Amino acid sequence: MKAVLIICDGMADRPVPALGNLTPLEAAEKPTMDLIAREGICGLMYALDPGIPPGSDTAHLALLGYDPYQVYTGRGPFEAAGAGLELRPGDVAFRANYATLDKGGLIIDRRAGRVPPTQRIEDAVRKIKLPVKFLFKNTVGHRAAFVLRGRGLSAAVSDTDPHETGKPVQPCKPLNQTAAARKTAKIVNMFTQKVRKTLANHPENLERASKGIPPANILLLRGAGVVPYLEPIQQKYGISGACVAAAALVKGVCKLAGMEVIEVEGATGNVRTNLKGKIFATIDALQRHDLVLLHIKAFDELSHDRKAQEKKNFIEQVDKHLAELLDKADFLVLAIDHTTPIELGEHSGDAVPVAICGPGVRKDDIQRFDERSCAKGGLGVIRGRDLLPLLLNLMGKLKKFGA
Ligand code: ZN
Ligand code: ZN
């Protein structure tokens with residue numbers, strides 16, 4: 001028995017005036033999604049708890065059966081894992097941005113002109129000496145991941161990113177009175193100073209300056225978190241899994257859950273992503289795995305940018321590609337990690353529609369995959385962490401509890 005868990009990031013919405021008070025899902029022509037709903041059992045789902053707006057990271061943890069309230073301390077670890085760093089439980093991971101400082105030490109560009117620094121800069125940062133081990137990697141664009149490894153470290157430290165220009169890099173402060181937080185803050189401040197020294201006159205930065213590109217001469221850190229131990233899904237459920245995604249956060253959650261993370265060329269996480277390639281990679285991964293998580297990101301981005309028509313169009317575009325999956329797996333699960341209402345431009349705590357189709361499913365009479373149709377479905381209202389057990393029960397992968 002094989003299953004594909006399709007997660008459409010932020011696809012659920014509230015009624016949109018520009019769409020005649022329909023949601024984008026209600027307004028879109030999407031025969032494949034409707035077929036999954038018609039052939040399956042439908043319902044509503046709160047990724048976390050009712051009314052709590054989920055992040056993509058906490059929602060995906062829940063959808064894979066973990067308790068985000070137990071394991072989540074910040075987004076840093078998931079982004080770093082998604083960027084391909086080999087993390088260990090207990091590591092303290094940060095998101096990093098290359099930025100531009102002027103001669104007086106004020107930040108004049110928080111993204112260093114959005115021109116990614118090369119490997120040479122990354123190598124220079126890696127050569128810095130600190131009292132503990134650290135990992136560092138450039139990720140996408142002006143972004144990077146920074147990870148501290150050693151005893152007595154803590155994620156209870158403040159950001160060095162002031163989140164606005166015209167200010168100096170903020171000193172990292174301990175957020176509690178523990179020796180671990182004080183030690184970590186001290187090491188982060190030492191790192192910041194050494195980065196500044198190392199990159200100030202780095203040849204690549206001199207080159208950038210001569211071309212009018214803002215030099216990448218400092219790193220701003222934020223989102224510290226401790227890498228949690230997630231019991232691998234093989235162990236937890238006895239299934240092997242793979243993930244096809246572009247978003248680093250989602251890749252990171254899946255990687256820490258012990259899943260194979262498949263890289264697809266041209267998978268960008270935006271509307272121009274390589275959908276065909278992602279579907280192909282999903283079908284290919286089904287040969288080797290019981291469960292393949294296919295994540296599609298751009299719905300969420302379009303909601304943040306409040307683009308109603310574009311969101312509807314993207315739903316229609318994705319729907320055409322999903323048709324390829326219809327006869328490739330025993331089970332198809334169509335899910336959403338959270339609602340991102342166009343009117344808010346942010347995640348909300350509204351429930352999302354969900355549908356499971358495959359052998360043995362107690363089909364209900366829902367005909368369409370959308371927020372209001374699925375509210376009447378046979379699954380009722382579930383939480384994110386219930387979804388995988390419900391699927392695994394249908395796949396015959398769960399053991400009886402009791403005699
Ligand atoms: Zn999301
Ligand atoms: Zn979002």
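The values are calculated or read from the model by the stated rules, or taken from the named source; none is laboratory data. Since the structure is predicted, the reported quantities are computational estimates derived from the model, not experimental observations. Using ideal geometry, Cβ is built from the backbone for each residue, glycine included, and neighbour counts are taken over all protein chains shown. With ligands, DNA and RNA removed, areas are computed over all heavy atoms of the protein, side chains included. Shrake-Rupley method; radii C 1.70, N 1.55, O 1.52, S 1.80 Å.
What does the helix-only formula give at 222 nm for the chain: each DSSP H stretch with n ≥ 4 adding -39500 (n - 2.57), the total divided by the residues, and the result rounded to the nearest 500 deg cm²/dmol? Mind dumping the intermediate values first?
Working: 15 runs with 132 residues, N = 403.
After summing the helix terms and dividing by residue count, I get -9000 deg cm²/dmol.
Listed by chain and number, the aspartates and glutamates whose C-alpha is less than 17 Å from the C-alpha of Lys186, apart from same-chain residues fewer than 8 away, are Asp91, Asp159, Asp161. With every protein chain in place and a 1.4 angstrom probe, the accessible-area ranking of Asp386, Asp337, largest first, reads Asp386, Asp337. The phi torsions of segment 65-76, fed into the Karplus equation with coefficients 6.51, -1.76 and 1.60 and a -60° offset, translate into couplings of x, 9, 9, x, 5, 8, 10, 9, 10, x, 7, x Hz, rounded to whole numbers, with Gly and Pro shown as x.
With a 1.4 Å probe rolled over the protein heavy atoms of all chains, the accessible area of Thr139, Thr73, Thr58 falls in the order Thr73, Thr139, Thr58, largest first.
Only protein heavy atoms count here; on that basis, with a 1.4 Å probe, Arg111 has an accessible area of about 90 Å². Would you list which lysines come within 19 Å of Lys103, measuring only between C-alpha atoms, while excluding same-chain residues fewer than 8 positions from it? List returned: Lys167, Lys194, Lys197, Lys211.
Lys and Arg at +1, Asp and Glu at -1: add these up for the other residues within a Cβ distance under 9 Å of Leu63 and post the number.
Working: positive: Arg385; negative: Asp337.
Once all neighbours under 9 Å are counted, the net charge is 0.
Summarised as an ellipsoid, segment 230-385 has semi-axes of 24, 21, 16 Å, derived from the eigenvalues of the Cα gyration tensor scaled by 5 and square-rooted, with the largest first. Unpaired cysteine residues in the chain (no second Cys Cβ under 4.7 Å): Cys8, Cys172, Cys357. Of the residues Gly141, Ile187, Phe94, the one whose Cα sits farthest towards the positive end of the charge dipole of segment 80-225 is Ile187 (charges of +1 on Lys and Arg Cβ, -1 on Asp and Glu Cβ, taken about the Cα centre).
Each other residue within a Cβ distance under 15 Å of Val271 adds +1 if Lys or Arg and -1 if Asp or Glu, for a net charge of +2. Taken about its Cα centre, the chain carries a charge dipole of roughly 1900 debye when the Cβ of each Lys and Arg holds +1 and the Cβ of each Asp and Glu holds -1. Treating the angle as unsigned and between 0 and 90°, give the value, to the nearest 10°, between the Cα long axis of helix 179-200 and the longest Cα principal axis of the chain. For 179-200 against the chain, the angle is about 70 degrees.
Put simply, the C-alpha atoms of segment 230-284 give a gyration tensor, and the ellipsoid matching it has half-axes of 23, 12, 6 Å, longest first.
Counting only heavy atoms of the protein chains and using a 1.4 Å probe, Lys127 has close to 150 Å² of accessible surface. Helix 275-285 and the longest principal axis of the Cα set of the chain meet at an angle near 80°.
Since only Ala245, Leu392, Cys42 are under comparison, the one whose Cα sits farthest along the positive direction of the charge dipole of the chain, derived from C-beta charges on Lys, Arg, Asp and Glu, is Ala245. Per residue, the convex hull spanned by the Cα atoms of the chain amounts to 152 cubic angstrom. The angle separating the long axis of helix 384-394 from the principal Cα axis of greatest extent in the chain is about 50 degrees. Taking all protein chains as they are arranged and a probe of 1.4 Å, the heavy atoms of Ile283 leave approximately 40 Å² accessible to solvent.
Based on alpha carbons, the Rg and Dmax found for segment 80-225 are 14.5, 46 Å.
For a test of the definition: using alpha carbon positions, the gyration tensor, and the 1.5 limit on a/c, classify segment 162-278 as rounded, prolate or oblate. Taking the square roots of the gyration eigenvalues as a ≥ b ≥ c, segment 162-278 is oblate. If you take the Cα centroid of segment 274-342 and the Cα centroid of segment 128-168, the two points sit 33 Å apart.
Ranking of Asp327, Asp102, Asp13 by solvent-accessible surface, largest first: Asp327, Asp102, Asp13 (1.4 Å probe, protein heavy atoms only, all chains present). In this structure segment 268-361 gives 37 Å² per residue of accessible area when probed at 1.4 Å with all protein chains present.
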